[in-house]
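The block underneath contains the structure these notes are about, expressed in structure tokens.
The values are calculated or read from the model by the stated rules, or taken from the named source; none is laboratory data. Keep in mind the model is a prediction, meaning the values are calculated, not measured. Using ideal geometry, Cβ is built from the backbone for each residue, glycine included, and neighbour counts are taken over all protein chains shown. Calculation scope for accessible area: heavy atoms of the full protein, side chains included, ligands and nucleic acids excluded. Shrake-Rupley method; radii C 1.70, N 1.55, O 1.52, S 1.80 Å.
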Amino acid sequence: MEKKNLDWANLGFGYIQTEKRYVSNYKNGAWDDGAITEDANIVLNECAGVFQYAQTVFEGLKAYTTEDGHIVCFRPDLNASRLADSARRLEMPVFPEDRFIDAIQQVVEANAAYVPPYGSGATLYLRPYMMGTNPVIGVKPADEYQFRVFATPVGPYFKGGAKPITICVSDFDRAAPHGTGHIKAGLNYAMSLHAIMTAHRNGFDENMYLDPATRTKIEETGGANFIFITKDNKLVTPKSDSILPSITRRSIMYVAEHYLGMTVEHREVEFSELKDFAEAGLCGTAAVISPVGKIVNHGEEILIPSGMEEMGPTTKKLYDTLTGIQMGRIEAPEGWIKKIL
């Protein structure tokens, strides 16, 4: 199979339209058979539920070319399960999890020429999403829905290596107690836009959100979970009912314990503990791990001992091990890798 003539090594993390995508529609209480289409445009009524009441959920995952030349996806079953949880919370019909994985398979196969070659630093990013499509003027769930998956080749999130970032403690709350912070709903990300732009205008790379009830515990950023390394080399990850259950974070926890022999603690993390950690990072699909070098809390600077020059040594081991599993250089736990081609 001949690859597209793209400058793979210099791709940014942005949208490049590919040729095929998957579409399935829900009507009269059932999903249709779904199909691959070449049409990248969506035509909806002006009163569609997605426009009026933000009834939309989404996922994000990647397809990789492994060292031995196969095209694979990383743990798509967890994306399928999380989308189902998101749909239930917004009173949307669940797209069957086996069909989700089949849709991913179809989209990657149909766009195989866009999967970047091994060693390029690029991947094929996949965006499954679902939305209410019929007219809804009263506040209620839609009756009809559309599930879609598109693909776009993307470069590494960081050009020139993952340099530690500076984040600030946000004055805004990302989610309400008992709200929708634990699902991947578009409305959560819309609510974070003003906060992230405010952070950028003030010279910071990202926000640290604290728990909305007491503002004493660390939660997450607008689009990633936190990880911390203690001075005695334990991995600590914040636990909360109002943060997204990151697939990358869960995978890192497993890698830390079973590949690196580390003690792992998934628990509530007090903001006051920050000064005691040796390393810090953000984790998610896009960058895998983004190291954090400094946190600023209204003028008070908390410097992470690993510094502002490079990833901390333990964080680097976690990053190298997880990306090694994704790229086929390290044997994966059973069920983690879905072979496409």
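Checking the condition open to solvent by 20 Å² or more (accessible area, probe 1.4 Å) and either at negative phi or part of a strand (DSSP E or B) (or both), which residue from GLY121, GLY138 passes?
Numbers: GLY121 fails: either at negative phi or part of a strand (DSSP E or B) (or both).
After applying the criteria, what remains is GLY138.
Considering only residues of the range 10-33 that are open to solvent by 100 Å² or more (accessible area, probe 1.4 Å) and more than 22 Å from GLN105 (Cα to Cα), which is farthest from the chain's Cα centre (by Cα)? The residue in question is ASN28. In the range 69-95, the residue that is farthest from LEU124 (Cα to Cα) out of those that are crowded, with 19+ Cβ neighbours inside 10 Å and of a type in the set (S, T, N, Q) is SER86. Within the range 240-248, can one find any residue that is hydroxyl-bearing (Ser, Thr, Tyr) and at pLDDT below 95? Yes - at least one qualifying residue is present in the range 240-248.
Only one of the listed residues (ILE196, ILE227, ILE167, ILE252) is part of a helix (DSSP H, G or I), farther than 30 Å from GLY49 by Cα and touching a residue at least 24 places away in the same chain (Cβ under 8 Å). That residue is ILE252.
Table: residues versus (1) modelled with pLDDT under 95; (2) open to solvent by less than 40 Å² (accessible area, probe 1.4 Å); (3) among the charged types (D, E, K, R); (4) over 25 Å from LEU90 (Cβ atoms).
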| site | (1), (2), (3), (4) |
| --- | --- |
| ARG127 | no, no, yes, no |
| ALA151 | no, yes, no, no |
| VAL154 | no, yes, no, yes |
| PHE158 | yes, no, no, yes |
| ILE165 | no, yes, no, yes |
| VAL169 | no, yes, no, yes |
| PRO177 | yes, no, no, no |
| ALA185 | no, yes, no, no |
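What residue, among those in the range 34-68 that are out of contact with any helix residue (DSSP H, G or I) (no Cβ under 9 Å at 6 or more places or on another chain), hydrophobic (A, V, I, L, M, F, W, C) and closer than 23 Å to ARG88 by Cα, is least open to solvent (accessible area, probe 1.4 Å)? Taking the candidates together, the pick is ALA48. Under 9 Å by Cβ, and 6 or more places apart or on different chains, what pairs join a residue from the range 1-28 that is free of Cβ contacts under 8 Å to residues at least 12 places away in the same chain with one that is open to solvent by 50 Å² or more (accessible area, probe 1.4 Å)? Here the result reads ASN28/ASP143; ASN28/GLU144, each pair linking the range 1-28 to a residue that is open to solvent by 50 Å² or more (accessible area, probe 1.4 Å).
For the range 230-249, residues that are in a loop (DSSP other than H, G, I, E, B), touching a residue at least 40 places away in the same chain (Cβ under 8 Å) and of a type outside the set (S, T, N, Q) total 5.
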